[in-house]
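In what follows, a structure is listed as structure tokens, so that the remarks can point back to it.
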Amino acid sequence: QRAAVCSPGAAKGIAATPGRHLLVAEQPQQWADHLATLITDDATRRRIAAEARQHVEQTYSWDDAVAPMVKLLRG
């Protein structure tokens, strides 16, 4: 499990809650601060990583992700 820091644009592309499932940074200092937190604060890193994994497992599935492609291929 890994915790993630991403840009605001990337965060908009997924159904995740900043601060719970990932950290969002726009300015260089925000990136540095978030990365420093994840490197030095084991509890925060583990909490975010665990919540993110649980969220992905509950929200996304391969079947749902490939369904539009399967529908297109089947015509």
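The values are calculated or read from the model by the stated rules, or taken from the named source; none is laboratory data. Fair warning: this is a prediction, and the values are worked out from it, not measured in the lab. Cβ placement follows ideal geometry from the backbone for every residue including glycine, while neighbour counts extend to all protein chains displayed. The area values use the complete protein model at the heavy-atom level, side chains included, leaving out ligands, DNA and RNA. Shrake-Rupley method; radii C 1.70, N 1.55, O 1.52, S 1.80 Å.
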Of Ala3, Ala67, which residue is surrounded by 11 or more Cβ atoms within 10 Å (Cβ to Cβ) and without any contact (Cβ under 8 Å) to a residue 24 or more places away in the chain?
Ala67
Scan of the range 17-31 for residues that are under 8 Å from the mean Cα position of the chain (by Cα) and either part of a helix (DSSP H, G or I) or among the polar types (S, T, N, Q) (or both), ordered by number
none
Do you know which residues across the range 27-42 are out of contact with any Ser or Thr (no Cβ under 8 Å at 6 or more places or on another chain) and within 15 Å of Arg2 (Cβ to Cβ)?
His34, Leu35, Ile39, Asp41, Asp42
Can we say Leu72 is open to solvent by 80 Å² or more (accessible area, probe 1.4 Å) and assigned to a helix (DSSP H, G or I)?
yes
Please enumerate the residues belonging to the range 42-64 that are open to solvent by less than 70 Å² (accessible area, probe 1.4 Å) and not in a helix (DSSP H, G or I).
Ser61
Considering Ile14, Ile39, which residue is free of Cβ contacts under 8 Å to residues at least 12 places away in the same chain, outside any helix (DSSP H, G or I) and either touching a Phe, Trp or Tyr at 6+ places or on another chain (Cβ under 7 Å) or open to solvent by 60 Å² or more (accessible area, probe 1.4 Å) (or both)?
Ile14
